[in-house]
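The values are calculated or read from the model by the stated rules, or taken from the named source; none is laboratory data. The model shown is predicted, which means the values in this text are computed figures rather than measured ones. Heads up, the Cβs are rebuilt from the backbone with ideal geometry, glycines too, and the neighbour counts pull from every protein chain shown. All accessible areas refer to the heavy atoms of the entire protein, side chains included, with ligands and DNA or RNA removed. Shrake-Rupley method; radii C 1.70, N 1.55, O 1.52, S 1.80 Å.
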2 protein chains.
Amino acid sequence: MSEKIKVVQYGMGPVGNKITRYLLERDHLVLVGAVDIDPAKVGKDVAELAGLPAINVPVSNNPEQLFRDVRPDVVVLTTTSDLEKIQPQIEQILSHGINIVTTCEELAYPWKTNPDIAAAIDQAAKSNNATVLSTGVNPGFMMDYLPVTLSAVCRNLQTVRVDRIQNAGERRLPFQQKVGVGITTDEFYQRVADKTLRHVGLTESIHMIADMLGWELSKTEDIVEPVIAENPVKTPHFDIPAGRALGVNQVGRGYDNNGKEIITLTFIAALGVPESLERIVFDGDPGIEMKIPGGVNGDVATCAINVNAIPTVKNAGPGLKTMVDIAAISCF
Amino acid sequence: MSEKIKVVQYGMGPVGNKITRYLLERDHLVLVGAVDIDPAKVGKDVAELAGLPAINVPVSNNPEQLFRDVRPDVVVLTTTSDLEKIQPQIEQILSHGINIVTTCEELAYPWKTNPDIAAAIDQAAKSNNATVLSTGVNPGFMMDYLPVTLSAVCRNLQTVRVDRIQNAGERRLPFQQKVGVGITTDEFYQRVADKTLRHVGLTESIHMIADMLGWELSKTEDIVEPVIAENPVKTPHFDIPAGRALGVNQVGRGYDNNGKEIITLTFIAALGVPESLERIVFDGDPGIEMKIPGGVNGDVATCAINVNAIPTVKNAGPGLKTMVDIAAISCF
């Protein structure tokens, strides 16, 4: 890795700004451009937007021109979680033969959930000799790639259970608002119906695990419920009466052909959780219980793994890849 | 994976027998041959040797003839931990264009410790369009691949510490004897000098971690000490006076160019250990402590990961690969 890898950051929201900061810390990467359509950001220096001293790299709203001018090796694409919305952006980037790392959750393992779009992106990547990878803390790592990888030391497995439990009280106010702290159960279910309150990707993670363990599934579920305050709760930000939401409890389940639940993914982010925790539990030979007490901060982890993926993606073969298709990603 | 992968088991010691049992459990694999030079095993049925009903696959002492007759896709090679001794066996197998999965610890990450042999094997693999991978519980997983993989969610890392702590009292007598339970400290250090008492691979694991984190090392250490009985210990197998060994405490260390210890791998297998445990500790952003209480049985894990590696190795590109070069291995 003697020559620096040229990177464009595409999407200057909070995640894009954090990734920008991480990109600028790496000796083997050079940030050569940035893209956003927001008129308030276009023309601004990408590092200044991220809260750092200027580096003389302005945000562009013309990716076509930018790609021709700076010829990046890799684009980090952080515009949306929605696969249909991101597809044209991906195809435009690929048409320049540029590799893509993206946080788009629905692309993390789309082969069962969106096979047509997955095939189209795979074809576009192959015909332009470029690689596309979606990754993040989850989907992409904690509830799919890590249990799959850990299963390598097992002779056999009967069930997989993964828990991500986050004490929302340890996180910033926008995170607490995002997971529904303080709202009524009516509002909560309205937001679930609007798809504005959910952790995207449990179904994708279930399919990755099942495929990698050779398990056929008859059914999957993704159920979002509020964690409800049994008693009033008072915090620096909230004064919550009993009966309102303290956060989200989302459970993804995969069932085998006999209707037995063999994969269970639980995502809890709420006030009043005693301790943040990542946990993987295998019923098998050997049985394994893996724990990360205190959990892993999802914002840091998602931005870090997208930056860490850049060298691996640059050297992977062409096509739409998922985390299990490529060589190991490390904090390089 | 509609067509079954044809496998030969090469080396019918305790590990080879256990791998045979695991191979026979997998629907997508078919055991088509076995090799050993021990006259007591040659001609015997491979499944019977492994304690199962016969499958009409006799152990051969003529691998050349066997490979021509059965044309396996993959050989599982479990003859020795010693890289110099295994090299001619590997080159013979490769000359038939056959992929190799092996438990040979010194081949797990040989690029710094044995670069000449590594380059020769890599060349032989490439010129025969075949893949070679060494893996096991360690080196190959717990103290190198898993921390490397976990680092993917980190923005930065300052130090890596990995502990494998095993209560030898939970393991069978041969394991207890192997780690020096009950012997004098003189005997212990004699066995260390003879290299009959050691966990092979800590140095290889240190180099894999350092390379994958972009860390330059000025020095590595691999120090083997006895765990000494402070008081007499009585078990079903042993009556141990104070002052004798209860097992092994082996520490591998990697130092940076300022002489700071940045990688610490501790392997303890002894009587009187309060609890078996796998632990990975990162000082970094985020700091992470990952634990597997009760630990992972090393014999099961090593045999399982070699069997689980077979499909991945069959589909990897040609050359000498390490765990970090290939797609994910899972319990398929």
Item to check | chain A: most fluctuating residue of A:S151, A:S60, A:S218 per GNM, C-alpha cutoff 10 Å | outcome: A:S218
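What number, rounded to the nearest 500 deg cm²/dmol, is the helix-based mean residue ellipticity at 222 nm of the protein assembly as shown, given -39500 (n - 2.57) per DSSP H run of at least four residues and division by all its residues? Write down the numbers at each step before the final one.
Working: 20 runs with 199 residues, N = 664.
The helix contribution divided over the protein assembly as shown gives -9000 deg cm²/dmol.
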Checklist outcome for this item: Output row for B:I37: copy-to-copy label distances, label 7 Å along Cα→C-beta, ascending, in nanometres, one decimal, is 6.9
Next on the checklist: For A:N129, place a label point 7 Å from Cα along the Cα-to-Cβ direction in every copy; what are the distances to the other copies, in nm, shortest first?
Outcome noted: 2.1
Checklist entry - Which value, in debye to the nearest 20, gives the size of the charge dipole of the protein assembly as shown about its Cα centre, when Lys and Arg are +1 and Asp and Glu are -1 at the Cβ? => result 60 debye
Item to check | Burial ranking of peptide ranges A:81-93, A:230-242 (average Cβ count within 10 Å, highest at the top) | outcome: A:81-93, A:230-242
Checklist entry - Ranked highest first by the average count of other Cβ atoms within 10 Å around their residues, in what order do B:152-161, A:121-130 fall? => result B:152-161, A:121-130
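Where both partners of a DSSP beta bridge lie in the protein assembly as shown, what percent of those bridges are antiparallel, to the nearest 5?
Details: 75 of 135 bridges.
In the protein assembly as shown, DSSP labels about 55 percent of beta bridges as antiparallel.
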Checklist entry - Taking the Cα centre of each part, how many Å lie between segment B:263-326 and segment B:203-252? => result 16 Å
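Do any GluC sites (Glu not before Pro) in segment B:1-74 lie in a loop, going by DSSP, with at most 15 other beta-carbon atoms within 10 Å of their beta carbon, and if so which? Present the calculation step by step, with values, prior to reporting the outcome.
Numbers: sites: B:E3, B:E25, B:E48, B:E64; in loops: B:E3, B:E25.
For GluC sites (Glu not before Pro) across segment B:1-74 that sit outside H, G, I, E and B with at most 15 neighbouring Cβ atoms in 10 Å, the list reads B:E3, B:E25.
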Checklist entry - How big is segment B:230-332 by Rg and Dmax over its Cα atoms, in Å? => result 19.1, 55
Checklist entry - What order, most packed first, do the peptides B:9-20, B:99-110 have when packing is the mean number of other Cβ atoms within 10 Å of each residue? => result B:99-110, B:9-20
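Run the numbers for A:Y255 and A:T235: contour at 0.36 nm per residue of separation, minus the present Cα-Cα distance, in nm. Write down the numbers at each step before the final one.
Details: separation 20, 0.36 × 20 = 7.20 nm, distance 3.93 nm.
Roughly 3.3 nm would be gained on extension.
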Item to check | Top of A:G201, A:G284, A:G140 by mean-square fluctuation, Gaussian network on chain A, Cα under 10 Å | outcome: A:G284
Item to check | Sequence-distant residues sharing a close amide H with A:T102 (under 5 Å, placed H) | outcome: A:L77, A:L133, A:S134, A:T135
Item to check | Student exercise, segment A:104-221 dipole from Lys, Arg, Asp, Glu Cβ charges, in Debye to nearest 20 | outcome: 260 debye
Checklist entry - Under a 1.4 angstrom probe, counting protein chains only, how are B:R191, A:R164 ranked by accessible area, largest first? => result B:R191, A:R164
Checklist outcome for this item: Between A:N156 and residues 5 or more places away or on another chain, the pairs with built amide H atoms under 5 Å apart involve A:D285
Checklist outcome for this item: Whole-Hz Karplus couplings 3J(HN,Hα) for segment B:154-159, θ = phi - 60° and coefficients 6.51, -1.76, 1.60, Gly and Pro as x, run 9, 6, 7, 9, 9, 9
Checklist entry - If you take the charge dipole of segment A:1-148 about its Cα centre, with +1 on Lys and Arg Cβ and -1 on Asp and Glu Cβ, which of A:V46, A:N56, A:N129 is farthest toward its positive end? => result A:N56
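Quick one, could you list the DSSP H helices from chain B stretching 24 Å or more along their long axis (Cα atoms) with average Kyte-Doolittle hydropathy of -0.5 or above?
Numbers: long enough: B:298-315 (26 Å, 0.46).
What comes out of the filter, once short or polar helices are dropped, is B:298-315.
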Next on the checklist: Please give the Cα centre distance for segment A:36-102 versus segment B:140-177, rounded to the nearest Å.
Outcome noted: 40 Å
Checklist entry - When Cβ neighbours within 10 Å are restricted to other protein chains, what is their mean count per residue of peptide A:153-162? => result 5
Checklist entry - Placing +1 at every Lys and Arg Cβ and -1 at every Asp and Glu Cβ, with all other atoms neutral, what dipole size does chain B have around its Cα centre, in debye to the nearest 20? => result 540 debye
Checklist entry - What is the Cα coordinate range of segment B:29-68 on the first, second and third principal axes, sorted by size from largest, in whole angstrom? => result 26, 26, 12
Checklist entry - Nm distances between the label at B:T185 and the same-position labels in the remaining copies, 7 Å along Cα→Cβ, shortest first? => result 6.7
Checklist entry - Is there a simple number for the mean count of other chain Cβ atoms within 10 Å of the Cβ of residues in B:55-68, and what is it? => result 0
Item to check | Sequence-distant residues sharing a close amide H with A:S276 (under 5 Å, placed H) | outcome: A:N167, A:G294
Item to check | Inverse of mean 1/r across different Cα pairs in segment B:145-295, Kirkwood, Å | outcome: 16.4 Å
Checklist entry - Ratio of chain B's C-alpha Rg to 2.2 N^0.38 Å, to two decimals? => result 1.02
Item to check | Rounded to the nearest 10 Å², the accessible area of A:W111 at probe 1.4 Å | outcome: 90 Å²
Checklist entry - Which ³J(HN,Hα) values, rounded to whole Hz and listed in residue order, are derived for segment A:273-281 from phi using the Karplus coefficients 6.51, -1.76 and 1.60 in 6.51 cos²θ - 1.76 cosθ + 1.60 with θ = phi - 60°, glycine and proline given as x? => result 5, x, 8, 5, 7, 9, 8, 10, 10
Checklist entry - How much accessible surface does B:M142 have with a 1.4 Å probe, in Å² rounded to 10? => result 10 Å²
Checklist entry - Most fluctuating residue of B:I228, B:I305, B:I206 in a GNM of chain B with Cα springs under 10 Å: which is it? => result B:I228
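Take every residue in peptide A:203-213, count the Cβ atoms of other chains within 10 Å of its Cβ, and give the average of those counts.
Values: counts 0, 0, 0, 0, 0, 2, 1, 0, 2, 5, 3.
Taking the mean over all residues of the peptide, I get 1.
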Next on the checklist: Could you derive backbone 3J(HN,Hα) for segment A:229-244 from the dihedral phi with the Karplus parameters 6.51, -1.76 and 1.60 (θ = phi - 60°), listing whole Hz in sequence and x where the residue is Gly or Pro?
Outcome noted: 5, 7, 10, x, 10, 10, 10, x, 9, 9, 10, 9, x, 4, x, 8
Checklist outcome for this item: Restricting to Cα pairs under 8 Å and 6 or more apart, the percent relative contact order of chain B works out to 19 percent
Checklist outcome for this item: Isolated cysteines for chain B, Cβ-Cβ cutoff 4.7 Å, are B:C104, B:C303
Item to check | Of B:G243, B:M208, B:Q87, farthest towards positive along the dipole that unit charges on Lys, Arg, Asp, Glu beta carbons give chain B | outcome: B:Q87
Checklist entry - At q = 0.05, 0.06, 0.11 Å⁻¹, what log₁₀ I(q)/I(0) does a Debye calculation on the Cα points of the protein assembly as shown give, no solvent, two decimals? => result -0.25, -0.36, -1.18
Item to check | Heavy atoms of B:E225 accessible to a 1.4 Å probe, total area in Å² rounded to 10 | outcome: 80 Å²
